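Notes follow the structure.
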Amino acid sequence: MTGALVFQALSTLCVLVDETISNRLIEFYSTQYVSASVTPSDVFQLQTDAFVSQFLSSTTNNFLLSLAMIRKTTQSNTLASGQLTNYRFYPDIYGDLFTISAQYGDCTCSSSATCISQYAVVYYPNLTEIFPIPGLYTGCYIIESLLQSSLQCFYDQACIDNLLLYLGSSTFINVTALDILLSIQFLENSTIADILDQLMVEEWNSS
């Protein structure tokens, strides 16, 4: 169930980053450069580079600060996940509800919001693990496990083929592995947090 939500969360982050950059570019393009005298070309170039550098750092820092504030607020208030990934609710004999903290490996969500364990394709009803998915994690909160995950499996065609096999879709799905050679600064095992630290941008074009 939470597997689909991981990719929905990733898609949401992509949209938020795209909107953030677009809005900041609108502000940046509306900035006017005014000088009381003719600015030498070398000085103008240095100032332009400084403006661009400031734009990149402020855009990145503001986005990450907003995300960090949301994460800290969620964690500090111990909010229950809508998918019950951090706490389970059970009724007692009187009909009252009590909670039990979920556990991932040796880590419990009551002690840390960043507990994770590796995602795996599981056979029901006996919950036998069939195929662990490299780089993909589940945990107390979908966003926290996503940030610690990577797209490692999706650079490996064999891994993708295994996933498609166990999905058991009745229709053919043609999925091609990502090409690491097209990446400039990210690696196969770069976490989503690492990618987000760069606003998911491989390379900025300031020309």
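Under 8 Å between Cβ atoms, which residue pairs at least 6 apart in sequence (or on different chains) link something in the range 2-20 that is farther than 14 Å from I192 by Cα with a partner that is among the aliphatic types (A, V, I, L, M) and not in a helix (DSSP H, G or I)?
Sorted first by the residue in the range 2-20, then by its partner, the pairs are T20/L199.
What are the residue pairs meeting all of these: first residue in the range 165-183, first residue assigned to a helix (DSSP H, G or I), second residue modelled with pLDDT of 75 or more, Cβ atoms under 7 Å, and 6 or more apart or on different chains?
What qualifies is Y166/V121; Y166/I130; Y166/F131; I180/Y155; I180/E188.
When you scan the range 59-72, do you find a residue that is buried (at least 16 other Cβ atoms within 10 Å of the Cβ), part of a loop (DSSP other than H, G, I, E, B) and out of contact with any Gly (no Cβ under 7 Å at 6 or more places or on another chain), even just one? Break it down into steps so the answer makes sense when it comes.
Taking the range 59-72 and keeping what is buried (at least 16 other Cβ atoms within 10 Å of the Cβ), we get 59-60, 63, 67, 71.
Restricting the remaining residues to those that are part of a loop (DSSP other than H, G, I, E, B) gives none.
No, because not a single residue in the range 59-72 is buried (at least 16 other Cβ atoms within 10 Å of the Cβ), part of a loop (DSSP other than H, G, I, E, B) and out of contact with any Gly (no Cβ under 7 Å at 6 or more places or on another chain).
Could you look through the range 16-49, keep only residues that are among the hydrophobic types (A, V, I, L, M, F, W, C) and exposed (fewer than 10 other Cβ atoms within 10 Å of the Cβ), and pick out the one that is modelled with the highest pLDDT?
Here the residue is I26.
Of the conditions (1) under 18 Å from C107 (Cβ atoms); (2) surrounded by fewer than 11 Cβ atoms within 10 Å (Cβ to Cβ), A80 clears all except one; give me its number.
Unmet condition: (2).
Could you tell me which numbered condition I100 fails, if it satisfies all but one of (1) within 29 Å of C153 (Cβ to Cβ); (2) among the aliphatic types (A, V, I, L, M); (3) modelled with pLDDT of 85 or more?
The one condition I100 does not meet is (1).
Taking the criterion of being closer than 25 Å to Q83 by Cβ, in a strand (DSSP E or B) and of a type in the set (A, V, I, L, M), would at least one residue in the range 132-154 satisfy it? Give the derivation first.
Here is the first cut: in the range 132-154, the residues closer than 25 Å to Q83 by Cβ are 132-154.
If we keep only those that are in a strand (DSSP E or B) as well, we get 132-139, 150.
Still in the running and of a type in the set (A, V, I, L, M): 133, 136.
Among the residues of the range 132-154, at least one is closer than 25 Å to Q83 by Cβ, in a strand (DSSP E or B) and of a type in the set (A, V, I, L, M), which makes the answer yes.
Given the structure, is Y119 under 30 Å from L165 (Cβ atoms) and in a strand (DSSP E or B)? Break it down into steps so the answer makes sense when it comes.
Working: under 30 Å from L165 (Cβ atoms): yes; in a strand (DSSP E or B): yes.
So Y119 fits the description; yes.
Results for (1) assigned to a loop (DSSP other than H, G, I, E, B); (2) under 30 Å from S149 (Cβ atoms), shown as yes or no for each residue.
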site	(1), (2)
G3	no, yes
T12	no, yes
V34	yes, no
Q45	no, no
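For the structure I just gave you, tell me whether F98 is farther than 19 Å from L10 by Cβ and in contact with an Asp or Glu (Cβ under 9 Å, 6 or more places away or on another chain).
Numbers: farther than 19 Å from L10 by Cβ: yes; in contact with an Asp or Glu (Cβ under 9 Å, 6 or more places away or on another chain): yes.
It is true that F98 is farther than 19 Å from L10 by Cβ and in contact with an Asp or Glu (Cβ under 9 Å, 6 or more places away or on another chain).
The values are calculated or read from the model by the stated rules, or taken from the named source; none is laboratory data. What you see is a predicted model; the values in this text were computed from it and never measured. Glycine also receives a Cβ, built like all others from the backbone with ideal geometry; neighbour counts cover every protein chain displayed.
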